[in-house]
Amino acid sequence: MTLSTPSNLADTQEHLRWQRYFGFSTDHKVIGLQYLVCGFLFYFIGGALAGALRTELLTPISDFMPREVYNEVLTMHGTIMIFLWIVPVVNGAFGNYLIPFYVGARDMAYPRLNAVAFWMIPPAGLLLISSYFLGGASQSGWTAYPPLSLSTAATGQVIWILSVLLLGGSSIFGAINFVATVLKMRRPGLKMMQLPMYCWAMLGTSILVLLSTPVLAGTLVLLSFDIVAHTGFFNPAMGGNAVVYQHLFWFYSHPAVYIMVLPAFGLVSEILPVHARKPLFGYTTMVYSIMAIVFLGLIVWAHHMFTSGTPPWMRLFFTIATSFIAVPTGIKFFNWLATLWGGSISLNTAVMFSCGFIVNFVFGGITGVALAQVPFDIHVHDTYFVVGHFHYIVYGGTVFVIFASMYHWYPKVVGRMLNEPLGQLHFWLTFIGLNLCFAPQHWLGLNGMPRRVAEYDPQFQFINQLSSAGALLMAVSTLPFLINVIWSAYRGAVAGDNPWNALTPEWLTSSPPPEHNWHGEAPLVHEPYGYGLKSPAAS
Amino acid sequence: MGTLQLTPRIITLFIGIALVLVGLWVGQNVNLLPVDASVNAPLYDQLFKVLFSIGTTLFIGIVGMVVYSLMRFRRRSGTVTEGAAVEGNLPLEILWTAIPAVVVLFVGIYSFDIYDRMGGMVPMHDHSMAGMETMHEPEASGPGQKTWAGISSVSVEGQPPVAAVPIEVTAMQFAFIFRYPEADIISGELHVPAGQPVSLRMTANDVIHAFWVPEFRLKQDIIPGQPTLLSFTATRPGSYPIVCAELCGAYHGGMRSTVIVEPPEEFANWVAKNSPVKATPASATLIS
């Protein structure tokens, strides 16, 4: 094993020069951080929009903003959070930073394509936000179902389509790069089954991106023809079919859920073994379950359309396929529990967020299996039950993992530790806020509150206020995090090369790493999870 | 020695049994649903209780495992100790693949039994059962056409099947309009007789809407260009909200109506009072 040399001061300063982060850098670490910071900026915008929605819902009547604006805000909130925050961060940021380390490479397979992929995101985001000032943003939800998307705010809808096309293109370029890097850039002697689990997660995710995103792109191009050129692909008034759009849209957008959670599964698999001082339990089954999720994830889309007029055989098929995703997903969760069992667990913030992820995702997974059942779904489809369910998955799941990853990898990237008490405060505020915000929404849905409404039955006011209080807590929780990230960059304890005593290759170099990742030859790590005492007597 | 080795297993067994009992108790006793007012609502509630029991057991079990592990295997800060180098355990992996597979299979089969009892698997006819009309085959648009999907409703158990009351529903931004073709009534509220099947034929004028009555546990999208069908049998007299559940524009949240479930004779009176068609054979069959 190569020991890392003390970091070369000039080299480190060169690496940290802030101007590099605003330019067309081809360094995978710079690009990873560009994705991360850009993603967080959009996260705060999307969060502010969510705050506006929860403020409107404090009262049963529509009184905080005009109804059209409410629909613009809910459309922007969903679009920004999915396409500009979670997908770019959990794939682009961590993928670009970590994958070259994990395969023992100096950079990604196509560094310039990588930079192009990132630089498509800021213009796409600005374009999307600009639509608000160019005659109004899209009001048809992030799903943009026709005919509603054909009849409201045409300019905003076309800008929305252009923006999502750009973001989809960025995602496809990124996926090509991840597949090529994992398959072709591995250090000689490093076998596929010796890779850290995040590589497998990104391989699976990238396959999903490559198979499904082009379908969304084609669909949105046709939708834009319907708006601009008055064609009738999805317009029933011109002989088109509105349900076909839903099939095509969900053919991408259900896999998109796995594009958001599979990388998170990979990141948790990196974090838990380090802090539990135990090997990742069941490496091989973890790999197979990722690939099973990829396959099943492609054949479940119509469970979003159980009330759209789908024939019984289709309902039967998609119920069974969706239910069975619980099996490979369950395997992963049991393996993480087994990784914790008998470990020597450090209860730091990274572990707390990882375990928070397990708890939240299990809750969202259980409601997900219930939603997969046709008769169950027919009552709660398009209600707040679904809103609660998917926020448990994407926020309680993926966003918790993003925060866990921040606490885990910040020392490597910055060279200083994040503050632990502030981190614990951040965790508990977020955890309580999330559950207060989204758990009551399940009850709202079961009892008759549909989603995407600016006004509702007065009997639901108290529970909505409870939910809004949770949202406020989540907003407050970002303060200790922001203070921590900024303060620790200057005053945090010096991390050293490997503060966690981790074995994966990114820790076997200086913190922050030099431009070409290692000062000498890339280390060959055959056992990325070789923690723990081989025999009890050896202690 | 033998008893010592068995103790953790016995404890695990007891914890497992206790978890299942807690799950069953919660599922049976915690009511999260509104009042049931249609024939298929109690069926839905039965499925909900089963899913709620299984979900509660799993959730408490897994959260318990996480919390227990964090407390039991916690490393004191400042100390450097390693866990056990256990990389896997094949029998365990097989176990936690097989058990979820069996649970999921049970849930799938059980929910399809429920779906079947709700009438979802019945090949359906226009104006009698639920589903989406095939618009592409003109020869299939006559009476007796087979349509599929949506969800339909069975008759009240123990009573002979009754002819369904046909009602035409038109959804538009931002209202529902109900037309009773046999009695020639147009209404903004939906009046239905308790205990008699009702068959809705729904069309949308502009964008996609959805017809949802939470107390009936039924929802069906109303799609422009493709009429959809929905049948149900209301059971409990009263007024219940009809809610549009598909984003349909600025006033989507205000797109609501009311369904009034009445005893058959009151419904007949309502029809008689509002119908311009006086005592025709058609209205007679309607109120029978």
ask   = Counting partner chain Cβ atoms within 10 Å of every residue's Cβ in A:239-247, what's the average?
value = 3
request  = Kindly work out what percent of the DSSP beta bridges joining two residues of the protein assembly as shown are antiparallel, to the nearest 5.
outcome  = 75 percent
key: Residue pairs, from the table A:Lys184/A:Lys278; A:Lys191/A:Lys278; A:Lys332/B:Lys219; A:Lys278/A:Lys412; A:Lys29/A:Lys184; A:Lys278/A:Lys332, whose Cα atoms sit over 23 Å apart   = A:Lys184/A:Lys278; A:Lys332/B:Lys219
key: Peptides A:195-204, A:235-244 ordered by average Cβ neighbours within 10 Å, highest first   = A:195-204, A:235-244
task = Take every residue in peptide B:103-116, count the Cβ atoms of other chains within 10 Å of its Cβ, and give the average of those counts.
result = 5
task = Would you mind giving the mean number of other chain beta-carbons within 10 Å of the Cβ of each residue in B:226-237, as a whole number?
result = 1
inquiry  = Sequence gap at least 6, Cα distance under 8 Å: using those rules, report the relative contact order of chain A to the nearest whole percent.
reply    = 19 percent
request  = Only Cα pairs under 8 Å and at least 6 apart count here; give the relative contact order of segment A:168-219 as a rounded whole percent.
outcome  = 62 percent
Qualifying aspartates and glutamates (Cα of each under 17 Å from Cα of B:Lys49; at least 8 residues distant if same chain) = A:Asp377, B:Asp36, B:Asp113, B:Glu215
task = Give the distance, in whole Å, between the Cα centre of segment B:183-212 and the Cα centre of segment A:14-78.
result = 42 Å
message = Please state the shape class of segment B:233-278: rounded when a/c is under 1.5, otherwise prolate if a/b exceeds b/c and oblate if not, all from the C-alpha gyration tensor.
response = oblate
request  = Take the Cβ-Cβ distance between B:Ile15 and A:Ala237 as r, set R0 to 45 Å, and report the resulting FRET efficiency rounded to the nearest 0.05.
outcome  = 0.15
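What ranking do A:467-475, A:71-79 get when scored by the average of other Cβ atoms within 10 Å per residue, highest first?
Top of the packing list down: A:71-79, A:467-475.
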request  = Evaluate 2.2 N^0.38 Å with N set to the residue count of segment A:27-534, then give the Cα radius of gyration divided by it.
outcome  = 0.95
inquiry  = Quick check: Cα centre of segment B:53-127 to Cα centre of segment A:351-385, how many Å?
reply    = 12 Å
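Only the coordinates and a few stated rules stand behind these numbers; no lab work does. Given the structure is predicted, the values throughout are model-derived calculations rather than measurements. In this analysis, Cβ positions are derived from the backbone assuming ideal geometry, glycine residues included, and neighbour counts consider all displayed protein chains.
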